[in-house]
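Working notes, structure below.
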Amino acid sequence: MRILIYALQRSTAPTGLCRYTANLVHALKQSPLHPEIDLIIGSWQRDYYREIFNVDASLATIIEPPIKNDLVGRYVWPVLNLGKLARRRGADIVHFAAPSAFARSLIGVPVVTTVHDLYAYSHPEVFKLPNRILNRAVLANAITNSDATQVISACTKEEMARLFPDEMTRDHRIIYQPVTVLSPDPGAAPRRPYVLCVAGHRKHKNMPLVIDAMRVLMDRGSLSADTALVIVGERATETTAIEDAATRQGVTLELLSSVSDQTLANLYGGCLAFVVPSEAEGFCLPLVEALMHGRRVVCSDIPIFHEVGRDACAFFSLAGDRTTHLADALQNVLTQPEPPREERRFSSALFAEECAASYASVLEAAKPGP
């Protein structure tokens, strides 16, 4: 079986979607399928896929279209050329690692798309114009024209059913993201005590809220004054607000991006607690990574975190005085023992089994009738 995975995205630094794609490639190559994989990325993505995610020629044939990192390249090229490439490579399936522009009539093999969230509809403010309009059109096209989707959570599928009720007869499977984590390096240099967040600098991620809550705990004497907040994620629209909040509250802040898997493992392994204060998520891969490291976790009280974290997380309300709610939850969790590590639900082996079933289903449906 040959699978053409399309993962071309604009980001010049690694994001959660890139990490998902890398995990997808690793999981499929280790699965009983042993597929041949063609991975389509932009030339600007090459270095971080190779150096951070360890995706190289031993796992996939890397194909970089001769395009610029602009709207014309990212939106027009796949519409006009992806079907030709799939035929030339002898692909059995085209798998979009995230909703992307394509013309179904020009692709001669089954199309599978991974749907991570419905932000284009539920939280359009996350995107700037014209991406706000384009992303909504791309998402709608993916849901209505893919032969099947792999939806990364039950919460996301419920949202899809609400927004696209007429499309729910298609094969929409809930398949949790595959997550593999490295063990922390015991020889890593020691750090000052720190709370960890892994998130892009977006408003709905609520990073300044963590800073405000840490200040409350420092004033209570429940958190050492030298405790830092470490945020791993892509700089974006809220970077300045995050930095201003840290300066105002006198909280030491460390902003990191493009870290290696080993560095990230070390950060998970050494943190006092992991905090996810988002107002919305499609799945939240970093939450799973923290659970697989057996870390104390504090989450905002939204449905997706209950689905993913279950009883391994402490939850706080975003209603009312959210700063106090988070401070109370964090103070309490710091007195608790570390939870057991999450193992099976997000394993690469389970993902590979479910992904293979999804592929088999669309290939069976594509067979000509008698």
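The values are calculated or read from the model by the stated rules, or taken from the named source; none is laboratory data. None of these values were measured; they are calculated from a predicted model. Cβ placement follows ideal geometry from the backbone for every residue including glycine, while neighbour counts extend to all protein chains displayed. Remember, those area values only see protein heavy atoms, side chains included, never the ligands or the DNA or RNA. Shrake-Rupley method; radii C 1.70, N 1.55, O 1.52, S 1.80 Å.
Quick look at the values:
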| item | result |
| --- | --- |
| 2 or more residues within 19 Å of Phe283 (Cα to Cα) and not hydroxyl-bearing (Ser, Thr, Tyr): qualifying helices (runs of 4 or more DSSP H) within the range 71-152 | 131-145 |
| Every residue from the range 308-325 that is surrounded by fewer than 16 Cβ atoms within 10 Å (Cβ to Cβ) and either of a type in the set (Lys, Arg) or part of a helix (DSSP H, G or I) (or both) | Arg310, Asp311, Thr324 |
| Cross-chain or 6+ apart pairs with Cβ under 7 Å, the range 45-56 first and in a loop (DSSP other than H, G, I, E, B), then β-branched (Val, Ile, Thr) and crowded, with 20+ Cβ neighbours inside 10 Å | Val55/Val25 |
| The one condition in (1) under 27 Å from Ala91 (Cβ atoms); (2) touching a residue at least 40 places away in the same chain (Cβ under 8 Å); (3) open to solvent by 70 Å² or more (accessible area, probe 1.4 Å) that Lys367 fails to fulfil | (2) |
| Residue in the range 328-338 that is assigned to a strand (DSSP E or B), open to solvent by 20 Å² or more (accessible area, probe 1.4 Å) and in contact with a Ser or Thr (Cβ under 9 Å, 6 or more places away or on another chain) present | no |
| Test: residue in the range 217-225 that is small (Gly, Ala, Ser), under 20 Å from Ala327 (Cα atoms) and open to solvent by less than 40 Å² (accessible area, probe 1.4 Å) | no |
| Residue in the range 178-195 that is over 25 Å from Val25 (Cα atoms), surrounded by 15 or more Cβ atoms within 10 Å (Cβ to Cβ) and touching a helix residue (DSSP H, G or I) at 6+ places or on another chain (Cβ under 7 Å) present | yes |
| Test: residue in the range 238-247 that is touching a strand residue (DSSP E or B) at 6+ places or on another chain (Cβ under 6 Å) and open to solvent by less than 50 Å² (accessible area, probe 1.4 Å) | yes |
| Lone qualifier among Val138, Val126 - being surrounded by 16 or more Cβ atoms within 10 Å (Cβ to Cβ) and over 18 Å from Phe96 (Cβ atoms) | Val126 |
| Condition check for Tyr20: of a type in the set (Ser, Thr, Tyr), over 20 Å from the mean Cα position of the chain (by Cα) and within 28 Å of Ile133 (Cβ to Cβ) | no |
| Residue among Leu71, Leu80 that is in contact (Cβ under 8 Å) with a residue 40 or more places away in the chain, more than 21 Å from the chain's Cα centre (by Cα) and open to solvent by 10 Å² or more (accessible area, probe 1.4 Å) | Leu71 |
| Among the candidates Ile3, Ile62, Ile41, residue that is more than 26 Å from Gly233 (Cα to Cα) and modelled with pLDDT of 90 or more | Ile3 |
